[in-house]
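Report on the structure given below.
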Amino acid sequence: MGFEWVRLFHFRNLHDGTIDISAPQVFLRGENGQGKSNFLETLYYLSYGGSFRTRYDQEVCRHGEEEMSLGGSFTSREDRFRIEVRYEEQRKTIYRDGKAIQDRRDMVSLIPTVLFRHDDMVFVKGSPEKQRWFIDQTLSMNYPLYIDDLRRYRKILKNRNQLLKDQKYDIIPVYNHHLAEAGLSLQRRRAEVLHSFNDVFSQEFRYIADLPEDLTLEYQESWTGCETTEAVLACLEKNQYRERALRTTTSGPHRDKFLFRYGSRDFLSLASTGQIRLVSLILRVAQAKFFLKETGRKPLLLLDDVLLELDPLRRERFVSRLPPAEQRIFTFLPGNSLQDYRTDETMVYTIADGRFQRE
């Protein structure tokens, strides 16, 4: 079913009130800057406890305000609950059915949400950090305990980097063991999941892009060829003088890379901007389908003006390959035709200056 309603208070430019979205598919139509993406941001907030635009909660408060709150009722085949996010006195609290959620990790499995937006192009042509983020998000959605492994590695890495900055080299060998063990766990998990993810991703690429060769993600581990703790320790030992000069850890899962291979060639060296854009959308389709395949649960799909740059054939193929979902919410500009995708169960709103008008 998805969200039945959402309550808004002091969130960006959106008018305070409760919005009924109790439909399997919701269309939000309006000019740029009127609040369409802001509303998708509220649903993302209620799903993950944070924004896809900023790490700072203060920035989502309406201009001139220092607090905000969001609430919503969500229904799936497995459960029905209310979720609420409050930001007041520079502190954020999250509640499920009135009970505080202590760790945002616990939200990952509540409302599994896949967001499609123009900025997803960074997962294809952006920095390795952006591509690692996408893979880690995919892992976290399917295996929430991966979040604990990722946190553990990052904490060890932060402490080791501080030792390098403070030139406390005698303590670093102890952290090397911890870093190797935690890092190898991440590396193995990424390799296992990417193998399965590629099966889904390449299949979606073949159909939507309609190109003759497969596109796959290739995992390039920073600790290449290191499958044991001892091998990693040897790598860290080899790099020790360089790391002391740079005062940072130069190898490990935080330096892993992911390359797009079209057949045997580097996809980015061949692709046009339009093809890169299309692949970024296919990545999200694959992420949603992979989640459904691995968990048996339907995701919530948020699609922010993603159909604008697709030609009619690929637009039709893209929409046809979206997986079964608890709910699909699209944003459109006024000039776009909705009729090709509208069903009897579609709810349509026009948004202007943060206000919603039901059509």
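In the stretch 68-163, which GluC sites (Glu not before Pro) fall in coil by DSSP and have 12 or fewer other Cβ atoms within 10 Å?
Of the GluC sites (Glu not before Pro), the ones in loops of the stretch 68-163 whose Cβ has at most 12 other Cβ atoms within 10 Å are Glu78, Glu89.
Give me the extension gain from Glu237 to Ile276: residue separation times 0.36 nm, minus the current Cα-Cα distance, reported in nm with one decimal.
10.1 nm
Nearest 10 degrees is fine. How inclined is helix 128-142 to the longest principal axis of the chain, computing both from alpha carbons?
For helix 128-142, the angle is close to 70 degrees.
In a GNM of the chain with a 10 Å cut-off on Cα contacts, which of Lys168, Lys293, Lys257 has the highest mean-square fluctuation?
Lys168
Please compare each pair in Lys92/Lys125; Lys99/Lys289; Lys130/Lys158; Lys158/Lys289; Lys155/Lys289 to a cut-off of 25 Å on the Cα-Cα distance and tell me which ones are over it.
Correct reply: Lys92/Lys125; Lys99/Lys289; Lys158/Lys289; Lys155/Lys289.
Provide the gained length on full extension for the span His118 to Arg91, in nm with one decimal, where the gain is 0.36 nm per separating residue minus the Cα-Cα distance.
Using 0.36 nm per residue and subtracting the Cα-Cα distance, I get 6.7 nm.
Quick check: the angle from helix 145-166's long axis to the longest principal axis of the chain, C-alpha only, nearest 10 degrees?
50 degrees
To the nearest 10 degrees, how steep is helix 172-209 against the longest Cα principal axis of the chain, on a 0 to 90 scale?
Tilt relative to the chain: about 40 degrees.
List the aspartates and glutamates whose Cα lies under 19 Å from the Cα of Lys168, skipping any in the same chain that are fewer than 8 positions away.
List returned: Glu237, Glu243.
Once the piece of chain linking Arg261 and Ser320 is laid out straight, how much longer is it, given 0.36 nm per residue of separation minus the C-alpha distance between them?
Stretched fully, the Arg261-Ser320 segment lengthens by 18.8 nm.
Express in whole angstrom the spacing between the alpha-carbon centres of the stretch 115-194 and the stretch 220-293.
Taking the Cα centre of the stretch 220-293 as reference, the centre of the stretch 115-194 is 11 Å away.
Say each of Glu129 and Glu230 gets a label point 7 Å from the Cα, pointing the same way as Cα to Cβ; how far apart are those two points in nm?
For Glu129 paired with Glu230, the spin-label model returns 3.6 nm.
What relative contact order, as a whole-number percentage, does the chain give when Cα pairs under 8 Å and 6 or more residues apart are counted?
Across the chain, relative contact order equals 26 percent.
Take the solvent-accessible surface of the protein heavy atoms, probe 1.4 Å, and return the percent of it on the chain that carbon and sulfur atoms account for.
For the chain, the apolar C and S fraction of the accessible surface comes to 46 percent.
For Lys165 and Leu211, FRET efficiency with R0 = 30 Å and r from the beta-carbon atoms, rounded to 0.05?
Efficiency for this residue pair is about 0.05.
Please identify the GluC sites (Glu not before Pro) of the stretch 235-324 that satisfy two criteria: DSSP loop assignment and at most 16 other Cβ atoms within 10 Å. Which are they?
Counting only loop positions with at most 16 other Cβ atoms within 10 Å, the GluC sites (Glu not before Pro) in the stretch 235-324 are Glu309.
The values are calculated or read from the model by the stated rules, or taken from the named source; none is laboratory data. These numbers were taken from a predicted model, which means no experiment stands behind them. Note: ideal-geometry Cβ built from the backbone for every residue, glycine included; neighbour counts use all protein chains shown. The protein model used for the area step is the full one, side chains on, heavy atoms only, and it has no ligands, DNA or RNA in it. Shrake-Rupley method; radii C 1.70, N 1.55, O 1.52, S 1.80 Å.
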